[in-house]
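Notes follow the structure.
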Ligand code: GRF
């Protein structure tokens, strides 16, 4: 199975996926990495692993008075050149519109550092900690889900895991625990969809 991974930041989840592929824990290969940020550390991780990467910033589109849809369509075209079975959003900070999603039905998979329906959008960990401190929640979590449409951090859930919040937690300690959970949950969710996809293709051959 061919995975294209979209990133915007440090890429620790990308690293977990690349490691799982190279160690044979995932029946897949990362065929390309796309970053919308020029300075994302994830790019260095891809480069170190010898995986082709492309930096795909919004800025030139904006300067040329292009729309978000123009950007998404161009990104889709670039991603399609790598013929992915799945497109994995691993810390990808850009809301994809239909102009992208239409090319990858039930093939786009997102990771969100909160439980389904909780804290969509940015700063989910920070908002979970604030909600805990107000007594509104007792735990948080992580989810991996399909991206069928333009909903923010919303879509059919593939896997989820709860993460406890401790009274002594700081944002850093909670974030560390969440990221650790993300690294294993993302790999196991991908293993699940990949195995299912392989089974389905066998049935049709
Ligand atoms: C993760 O917490 C992901 O869920 C969120 O951004 C973070 C990216 O971390 N959307 P990394 O770049 O994979 O280290």
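For this structure, a couple of remarks:
- Among the residues listed as 86, 61, the single one being touching a residue at least 12 places away in the same chain (Cβ under 8 Å) and under 19 Å from residue 3 (Cβ atoms): 86
- Residue pairs whose Cβ atoms lie under 6 Å apart, sitting 6 or more positions apart in sequence or on different chains, and linking a residue in region 97-111 that is away from the ligand (no atom under 16 Å from the Cβ) to a partner that is part of a loop (DSSP other than H, G, I, E, B), are 97/150.
- Cβ-Cβ distances below 8 Å connect the following pairs, each with a first residue in region 164-175 that is under 12 Å from residue 139 (Cα atoms) and at pLDDT 95 or above, a second residue that is within 16 Å of the ligand (Cβ to nearest atom) and outside any helix (DSSP H, G or I), and a separation of six or more residues or different chains: 165/140; 174/140; 174/163; 174/165.
- Against the test of being touching a helix residue (DSSP H, G or I) at 6+ places or on another chain (Cβ under 7 Å), in contact (Cβ under 8 Å) with a residue 24 or more places away in the chain, within 16 Å of the ligand (Cβ to nearest atom) and assigned to a loop (DSSP other than H, G, I, E, B), the options 9, 117 yield a single qualifying residue, 9.
- Taking region 137-159 as the range and being in contact with a strand residue (DSSP E or B) (Cβ under 7 Å, 6 or more places away or on another chain), surrounded by fewer than 17 Cβ atoms within 10 Å (Cβ to Cβ) and under 17 Å from residue 190 (Cα atoms) as the test, the residues that pass are 156, 157.
- Subset of region 16-34 [touching a residue at least 60 places away in the same chain (Cβ under 8 Å) and either surrounded by fewer than 18 Cβ atoms within 10 Å (Cβ to Cβ) or within 14 Å of the ligand (Cβ to nearest atom) (or both)]: 16, 17, 20, 25, 27
- Among the numbered conditions (1) farther than 27 Å from residue 196 by Cα; (2) within 16 Å of the ligand (Cβ to nearest atom); (3) surrounded by fewer than 22 Cβ atoms within 10 Å (Cβ to Cβ), the only one that residue 40 does not meet is (3).
The values are calculated or read from the model by the stated rules, or taken from the named source; none is laboratory data. Just so it is clear, the structure is predicted and the values come from calculations on it, not from any experiment. Note that each Cβ is placed from the backbone with ideal geometry, even for glycine, and that neighbours are counted across all protein chains shown.
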